[in-house]
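The values are calculated or read from the model by the stated rules, or taken from the named source; none is laboratory data. Because the structure is predicted, anything quoted here is derived from the model rather than measured. All Cβ positions, glycine included, derive from the backbone under ideal geometry; neighbour counts span all protein chains shown. Protein only, heavy atoms only, side chains kept; ligands, DNA and RNA dropped before computing areas. Shrake-Rupley method; radii C 1.70, N 1.55, O 1.52, S 1.80 Å.
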Amino acid sequence: MGRVVAIGERARVAGLSLAGVSVLVAEDPEAVRRAWQSVSDEVTLAIVTPAAAEALGRTQVQGTRPLIAVMPT
């Protein structure tokens, strides 16, 4: 089984660490892009906040891995 990572604003993702999710806090678009680039191949699910998804855009997240889930607003 692969790892799960969450990327986004601290207030939205911090609690996920209690469930064993690796949290990458990224408060601005550039930090989101840096966090995304640091995601390893072991990650099978990336949970991103709506702001993080917007910062990544479609061109940043091409391919089928990891699966990306955007949190509801």
**Fill in**
Non-local residues with an amide H under 5 Å from the amide H of residue 71, with H modelled 1.01 Å from N and Pro and chain starts lacking one, are 48, 49
**Message:** Just to verify a number: FRET efficiency for residue 73 and residue 30, C-beta to C-beta distance, R0 = 30 Å, to 0.05?
**Reply:** 0.85
**Item:** Cβ charges +1 (Lys, Arg) and -1 (Asp, Glu), total dipole of the chain, debye
**Value:** 120
**Request:** With θ set to phi - 60°, apply the Karplus curve 6.51 cos²θ - 1.76 cosθ + 1.60 along region 10-16 and write out the HN-Hα couplings as whole Hz, x wherever there is a Gly or Pro.
**Result:** 3, 4, 8, 10, 4, x, 5
**Item:** Other-chain or far-sequence residues with amide H under 5 Å of residue 6's (modelled H)
**Value:** 22, 23, 24, 47
**Item:** Structure-derived Cα extents along the principal axes in Å: which label, when the choices are [x] 46, 23, 18; [y] 63, 25, 19; [z] 29, 26, 21
**Value:** [z]
**Request:** With a 1.4 Å probe and every protein chain kept in, tell me what percent of the accessible surface of the chain is carbon plus sulfur.
**Result:** 53
